[in-house]
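The values are calculated or read from the model by the stated rules, or taken from the named source; none is laboratory data. None of these values were measured; they are calculated from a predicted model. Cβ placement follows ideal geometry from the backbone for every residue including glycine, while neighbour counts extend to all protein chains displayed.
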Amino acid sequence: MGFVETFFNWNVIVSSFPLLLSGLRITLLLGTVSIVAGLMLGLFIALTRIYAVRPFRIFAKIYTDVFRSIPLLVLLIVVYYALPFVGLRLSPFMSAAVALTLVSAAYTAEIFRAGIEAIPYGQFEASQALGLSYRHMMVDVILPQATRIVIPPLTNNCINVIKDTALASVVAMPDLLKQATQAQALEANPTPLIVAALMYVALLWPLVILVGRLEKRFRRGDR
Amino acid sequence: MMPAIVSIKDLYKNFGSFAALAGINLDIAEGEVVCIVGPSGSGKSTLIRCINLLEKYDDPGQVLVDGIHVEKGRRLAAVRAEVGMVFQSFNLFPHMTVRDNIKLAPMRVRGESESDASSMAIELLRKVGIEEQADKYPAQLSGGQQQRVAIARALAMKPRVMLFDEPTSSLDPEMVGEVLDVMKKLAESGVTMIVVTHEMGFARLVADRVIFMDEGRIIESGTPAEIFDNPKEDRTRVFLNAVLEHKQSG
């Protein structure tokens, strides 16, 4: 067999494409769920880390440190294979979503914290002097400014989460990678793997370019 | 005497072993314009920052604004709303237009409608002479213009008292005048003002009372004529001589 028939076999592409698309759907769903949940949990942890009373602050710091230290693959396997021993049995999708969210939240929390701490103290004082409540100070003054700072690193984190969804294939979740390896076994041909790889790149390349643009734009100080 | 709008009793503030405030007692009457002068590190800024509790003070000192104790708790934001503050570094909200900077607190704290807040913003901007800048962002304005917006923003809350913390100290010299002019107009319109400043000319012209502070204490207070022309204390005299000489050589 020649190079094209081996790696870009048209018949294999056609026959495996539905499977790969269903995998892509799951990958996207898992990525979206984990990113959104990770953002919310991460923001909550960041605010806890900065503003809560001391025991909670310490807890938030331990959380971010632990979940940035643990390899995602290890966490995923622990959630999927170890938790059933204490009666907590999660589906492959849930296991992956939980593991990805926990880790993403830790990184997100650090990004938000850096963003909030980059806001000059005078912004807090001006808000307080005007009589704004804590909630309005955060919602109207601090977070909008922090958001500008954190958008490039958060986008970067999204890219990482989507990439890391591929790890979920080890807990038998039918994501893009899993479907590709299955199709490859079925067809006895590596074309599905190549197509899957191209799909990942097609999905993430625009985001990578976006990060670069955002970083440049925010560096210039435009609004 | 009229009841004090701001009443400060036995105010102490220690940063570690450094006494920033060493027993301040001060009453400010409604409509009064008080200028606080003194060398850097004398506690002037710390003092006015205690009035709206941006700075905590030591027990058992007390600050009353309109009879209400300024302390941590649910009423703090409400008391702060009655105290306008203008900072040395402007502290405008950079992500909002000038108009939105002014509208924010009246809408969020006073519950004013968007249109009321907006028309008040324009009116205030006219008062400080920059209504044509309403839709610009702070970064597009000069320092003097930014500080005038900051004054308008504070006034939008219709505060009972306005605090100015060295409002012209970070301005280029050619912009100091425009800000002082706005403050002078405010003083003439009867706004209660407490101004920490190095602008002796302004203090002399506008203040009802000048307070000289050093080492966390009020050394001397009186009318501008009493303080500037006939200071009783040596420390006041030394300070004023240094400031005035500097002005002449600079």
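With respect to A:Val79, determine if the residue is out of contact with any strand residue (DSSP E or B) (no Cβ under 7 Å at 6 or more places or on another chain), closer than 30 Å to A:Arg135 by Cβ and modelled with pLDDT under 95. Spell out how you get there, then give the answer.
Working: out of contact with any strand residue (DSSP E or B) (no Cβ under 7 Å at 6 or more places or on another chain): yes; closer than 30 Å to A:Arg135 by Cβ: no; modelled with pLDDT under 95: yes.
No.
Take the residues in region B:147-159 that are within 12 Å of another protein chain (Cβ to nearest Cβ) and of a type outside the set (Gly, Ala, Ser); name whichever of them is farthest from B:Arg80 (Cα to Cα).
B:Val149
Being surrounded by fewer than 20 Cβ atoms within 10 Å (Cβ to Cβ), more than 14 Å from every other protein chain (Cβ to nearest Cβ) and on the phi > 0 side of the Ramachandran plot: is that true of A:Ala172 here?
Details: surrounded by fewer than 20 Cβ atoms within 10 Å (Cβ to Cβ): yes; more than 14 Å from every other protein chain (Cβ to nearest Cβ): yes; on the phi > 0 side of the Ramachandran plot: yes.
Answer is yes for this residue.
Can B:Ala81 be described as among the small types (Gly, Ala, Ser), crowded, with 21+ Cβ neighbours inside 10 Å and closer than 30 Å to B:Glu226 by Cα? Working first, answer last.
On the way: among the small types (Gly, Ala, Ser): yes; crowded, with 21+ Cβ neighbours inside 10 Å: yes; closer than 30 Å to B:Glu226 by Cα: no.
The answer is no for B:Ala81.
Take the residues in region A:1-43 that are free of Cβ contacts under 8 Å to residues at least 12 places away in the same chain and among the aromatic types (Phe, Trp, Tyr); name whichever of them is surrounded by the most Cβ atoms within 10 Å (Cβ to Cβ).
This residue is A:Trp10.
Give just the number: which of (1) charged (D, E, K, R); (2) touching a Leu at 6+ places or on another chain (Cβ under 9 Å); (3) within 30 Å of B:Gly16 (Cβ to Cβ); (4) surrounded by fewer than 16 Cβ atoms within 10 Å (Cβ to Cβ) does B:Glu132 not satisfy?
(3)
Would you mind stating whether B:Ala81 is of a type outside the set (Asp, Glu), at the interface with another protein chain (Cβ under 9 Å from one of its Cβ atoms), farther than 18 Å from B:Asp214 by Cα and in contact with a Lys or Arg (Cβ under 8 Å, 6 or more places away or on another chain)? Give the steps one after another, and end with the answer.
Working: of a type outside the set (Asp, Glu): yes; at the interface with another protein chain (Cβ under 9 Å from one of its Cβ atoms): yes; farther than 18 Å from B:Asp214 by Cα: yes; in contact with a Lys or Arg (Cβ under 8 Å, 6 or more places away or on another chain): yes.
Judged against the criteria, B:Ala81 is a match.
Consider B:Leu125 carefully, then state whether it is within 11 Å of chain A (Cβ to nearest Cβ), within 26 Å of A:Pro120 (Cα to Cα) and under 20 Å from the mean Cα position of the chain (by Cα).
Working: within 11 Å of chain A (Cβ to nearest Cβ): no; within 26 Å of A:Pro120 (Cα to Cα): yes; under 20 Å from the mean Cα position of the chain (by Cα): yes.
When the stated conditions are applied, B:Leu125 does not pass them.
State all residues of region B:163-173 that are surrounded by fewer than 22 Cβ atoms within 10 Å (Cβ to Cβ) and either part of a strand (DSSP E or B) or acidic (Asp, Glu) (or both); if no residue qualifies, say none.
To start, the set of residues in region B:163-173 that are surrounded by fewer than 22 Cβ atoms within 10 Å (Cβ to Cβ) comprises B:166, B:169-173.
Within region B:163-173, B:Glu166, B:Asp172 meet the criteria.
Could you grab me the full set of residues in region B:49-75 that are more than 30 Å from B:Gly143 (Cα to Cα) and either in contact (Cβ under 8 Å) with a residue 24 or more places away in the chain or outside any loop (DSSP other than H, G, I, E, B) (or both)? Steps first, please.
Just the residues of region B:49-75 that are more than 30 Å from B:Gly143 (Cα to Cα), to begin with: B:57-75.
Within region B:49-75, B:Tyr57, B:Asp58, B:Pro60, B:Gly61, B:Gln62, B:Val63, B:Leu64, B:Val65, B:Asp66, B:Gly67, B:Ile68, B:His69 qualify.
What pairs can you find where one residue is in region A:181-202 and under 15 Å from A:Val4 (Cα atoms), the other is of a type in the set (Phe, Trp, Tyr), and their Cβ atoms are less than 8 Å apart, with a gap of 6+ or different chains?
Sorted first by the residue in region A:181-202, then by its partner, the pairs are A:Pro190/A:Phe7; A:Thr191/A:Phe7; A:Thr191/A:Phe8; A:Ile194/A:Phe7; A:Ile194/A:Phe8; A:Val195/A:Phe17.
Which members of region B:174-215 meet the condition of being in contact (Cβ under 8 Å) with a residue 12 or more places away in the chain and part of a loop (DSSP other than H, G, I, E, B)?
Hits for region B:174-215 are B:Gly190, B:Val191, B:Thr192, B:Thr197, B:His198, B:Glu199, B:Ala207, B:Asp208, B:Glu215.
Taking the condition of being outside any loop (DSSP other than H, G, I, E, B) and either within 9 Å of chain A (Cβ to nearest Cβ) or surrounded by fewer than 21 Cβ atoms within 10 Å (Cβ to Cβ) (or both), how many residues in region B:87-98 meet it? Walk me through how you get there before you give the answer.
Going through region B:87-98, the residues outside any loop (DSSP other than H, G, I, E, B) turn out to be B:98.
If we keep only those that are either within 9 Å of chain A (Cβ to nearest Cβ) or surrounded by fewer than 21 Cβ atoms within 10 Å (Cβ to Cβ) (or both) too, we end up with none.
Going through region B:87-98 one residue at a time, the tally reaches 0.
Name the pairs whose Cβ atoms lie under 6 Å apart, with the first residue in region A:128-143 and within 7 Å of chain B (Cβ to nearest Cβ), the second crowded, with 20+ Cβ neighbours inside 10 Å and among the polar types (S, T, N, Q), and 6 or more positions between them or separate chains?
A:Ala129/B:Asn52; A:Val141/A:Ser127
Within region B:107-118, can you find the residues that are in a helix (DSSP H, G or I) and over 25 Å from the mean Cα position of the chain (by Cα)?
Just the residues of region B:107-118 that are in a helix (DSSP H, G or I), to begin with: B:107-109, B:114-118.
Selection gives B:Glu114, B:Ser115, B:Asp116.
When region B:182-221 is examined, which residues are found to be in contact with a Phe, Trp or Tyr (Cβ under 9 Å, 6 or more places away or on another chain) and either over 18 Å from B:Gly84 (Cβ atoms) or surrounded by fewer than 19 Cβ atoms within 10 Å (Cβ to Cβ) (or both)?
First, pick out the residues of region B:182-221 that are in contact with a Phe, Trp or Tyr (Cβ under 9 Å, 6 or more places away or on another chain): B:183-184, B:193-197, B:200, B:203-204, B:210, B:212, B:214, B:216, B:218-221.
Matches in region B:182-221: B:Lys184, B:Met200, B:Ala203, B:Arg204, B:Val210, B:Phe212, B:Asp214, B:Gly216, B:Ile218, B:Ile219, B:Glu220, B:Ser221.
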